[in-house]
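J.: My questions all concern the structure below.
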Amino acid sequence: MTKHLATIQLDTGPDTTASVIWMHGLGASATDFAGMPQELNLEGLGAIRFIFPYAPVRPVTANNGYVMPAWYDFLHFDFNRPGREDEESIRASQAMIEQLIEQEVARGIAPERIVIAGFSQGCVMTLQTGLRHPRKLGGLMCLSGYLALSDKLEAERSAASKDTPIFMVHGKGDPVIPIQYSERSRDFLGNLGYQIEWHEYNMQHAVCPDEVAHIGAWLRRVLA
């Protein structure tokens, strides 16, 4: 049975017409991005529900089994070696994020008004879930991450996902996930026909003011 994720929920007003489900990174917390809605200048879009889920707590093999919030288990941190991510835990988290999407649909939010977002591991889960979701979503916001299980995507992606807007950004000096791995993911998705808005910034594994401005502008377009 799929577990339910604990979440922080913030509504920008009554009568919500759109939802943003925003995942944090490895070892982090749902509180990390909870202050972001007030920085995005989303006036005129109507009420938006922001949902910030807490990742499951699990041992992370690459961190000597240290228990921490993680959407999936990292087996090692070498991006040049295969078998980096544990597929079983990725798919388990995907099922839990799907529950959050279905919860919003049950609350009256149309799938095309639901945006999936994430930073680092949360970005990985955004792509993992959004590209396989059977209905067109409002957009996929992918911050400082990459595409996992790429060898499975062509067989598993949904037909509806081909029209879902994708926003990808990365820091040029990121020492945690070097930008070239995000660029490879961008190019892989582009070769499959996805339309991607790409930005890169003079930053490390973080979020910068220019990025916040671009996020706000993109959300205003896809939720207009």
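None of the figures in this text is laboratory data; all of them are computed from the coordinates on show. Treat the numbers as computed from the prediction; the structure is a model and nothing was measured. Virtual Cβ from ideal backbone geometry, glycine too; neighbours counted across all protein chains shown.
J.: Along segment 97-104, what does the Karplus equation 6.51 cos²θ - 1.76 cosθ + 1.60 (θ = phi - 60°) give for ³J(HN,Hα), rounded to whole Hz, x for Gly and Pro?
T.: The phi angles translate into 5, 4, 4, 5, 4, 5, 4, 5 Hz.
J.: On to the next question. On C-alpha positions alone, give me the angle between the axis of helix 209-222 and the longest principal axis of the chain, in degrees, nearest 10.
T.: Result, in degrees: 60.
J.: Whole-Hz Karplus ³J(HN,Hα) for segment 110-118, in order, using 6.51 cos²θ - 1.76 cosθ + 1.60 and θ = phi - 60°, x for Gly and Pro?
T.: 5, x, 6, 10, 10, 9, 9, 9, x
J.: Let me ask another. For Rg/Rh (Cα atoms, Kirkwood Rh), one of (i) 1.11; (ii) 0.98; (iii) 0.93 was computed from the structure I shared and the rest are decoys. Which label?
T.: Matching entry in (i) 1.11; (ii) 0.98; (iii) 0.93: (iii).
J.: Let me ask something additional. Helix 121-130 against the longest principal axis of the chain: what's the angle in degrees, Cα atoms only, rounded to the nearest 10?
T.: 60
J.: Evaluate the distance, in nm, between pseudo-label points positioned 7 Å from the Cα of residue 9 and of residue 92 along their respective Cα→Cβ axes.
T.: So the two model labels end up 2.5 nm from each other.
J.: Pairing the Cα long axis of helix 179-191 with the longest principal axis of the chain, what angle in degrees results, from 0 to 90 and rounded to the nearest 10?
T.: 70
J.: Here's a follow-up. Enumerate the calculated ³J(HN,Hα) couplings along segment 147-161 in order (Karplus 6.51 cos²θ - 1.76 cosθ + 1.60, θ = phi - 60°), each rounded to whole Hz, writing x wherever the residue is Gly or Pro.
T.: 8, 9, 6, 5, 5, 9, 5, 4, 7, 9, 5, 8, 5, 5, 5
J.: Relative contact order for segment 147-218 using alpha-carbon pairs under 8 Å, separation at least 6, rounded to a whole percent? Intermediate results must be reported in sequence, preceding the final value.
T.: Details: 69 pairs, mean separation 27.2, N = 72.
This gives 38 percent for segment 147-218.
J.: Next question. Given H placed on each backbone N at 1.01 Å, which residues far from residue 147 in sequence or on other chains put an amide H within less than 5 Å of it?
T.: 185
J.: Which longest run of the chain has no exposed loop site in it, a site being trypsin sites (Lys or Arg not before Pro) in a DSSP loop with at most 11 other beta carbons within 10 Å, and the site itself not part of the run? Let's see the in-between values first.
T.: Values: sites that count: 3, 107, 172.
The answer is 4-106.
J.: Right, next: With viscosity set to 1.306 mPa s at 10 °C, what whole-number translational diffusion coefficient in µm²/s follows for segment 104-224 from Stokes-Einstein and a Kirkwood radius over Cα pairs? Each step should come with its number before you reach the end.
T.: Values: Rh = 14.4 Å.
Result for D is 110 µm²/s.
J.: How much length, in nm to one decimal, is gained on full extension between residue 39 and residue 199, taken as 0.36 nm per residue of separation minus their Cα-Cα distance? Mind showing how you got there, number by number?
T.: Values: separation 160, 0.36 × 160 = 57.60 nm, distance 1.86 nm.
Computed gain between residue 39 and residue 199 is 55.7 nm.
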